[in-house]
1. When the residues of the stretch 141-167 are filtered to those that are touching a residue at least 24 places away in the same chain (Cβ under 8 Å) and assigned to a helix (DSSP H, G or I), which remaining residue is farthest from residue 124 (Cα to Cα)?
2. For the stretch 144-174, give me each residue that is exposed (fewer than 12 other Cβ atoms within 10 Å of the Cβ) and within 28 Å of the chain's Cα centre (by Cα).
3. Does any residue of the stretch 134-143 turn out to be at pLDDT 70 or above, surrounded by 14 or more Cβ atoms within 10 Å (Cβ to Cβ), over 24 Å from residue 75 (Cβ atoms) and not assigned by TED's automatic domain parsing to the domain that holds residue 99?
Amino acid sequence: MLYIHAEGLLKFNNYIKEMVGSYGHICDLWHKQKALEKWANRIDMGWTSNLRISKTYLIPLLKSEIEKSPIKVSEFAKKYNLSYIRAYKLFFRLKQRRLIKKIGIGIFSSVNHKGPLIESLADKIKRKLSTEAISVKEFSRHLNANPKSVSTQLSIFTRKGIVIRIQRGCYALV
């Protein structure tokens, strides 16, 4: 059994092709040559270059930023033009190595972070609520949040007795 990295496989394939070009078919892998070429054609160099960028650039950048304050995965992904899944995998990889810790949904901080946490949507709503009625649309615009998330939080607060529902889509403090 032979284990080889993707880049090494491509280099090995090119080396064998050069040898065959110089010395003839006596230097190829005979009946294994087709299998080597099949695997070499399957390799996606975009994936391997993304992996290299993650290791050399994104992970050190993430480590330095997370030391300053907690970071949301979505904000990090948006800031560095990454897909959410790829950014989350970077965070999760560091969490598995116990270099960072998860402090909320999609929020991570350094292991030794003792400062204030990023305010959740529920905390923002509690802080912004007043005795006058406010609609879900106004809340979502004011907090720059998804209206469905705001509506869900407000209905949870209604069940807990923190907020009353004045009319459909309008809430106020009790």
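1. Across the stretch 141-167, the extreme among qualifying residues is 156.
2. Residues satisfying the conditions are 144, 146, 148.
3. Keep residues of the stretch 134-143 that are at pLDDT 70 or above, which gives 134-143.
Now narrow it down to the ones that are surrounded by 14 or more Cβ atoms within 10 Å (Cβ to Cβ): 134-136, 138-140, 143.
Checking the rest, the ones that are also over 24 Å from residue 75 (Cβ atoms) come to 134-135.
From the residues that got through so far, the ones that are not assigned by TED's automatic domain parsing to the domain that holds residue 99 too are 134-135.
The answer is yes; a qualifying residue exists.
The values are calculated or read from the model by the stated rules, or taken from the named source; none is laboratory data. These figures come from a predicted structure and were not determined experimentally. In this analysis, Cβ positions are derived from the backbone assuming ideal geometry, glycine residues included, and neighbour counts consider all displayed protein chains.
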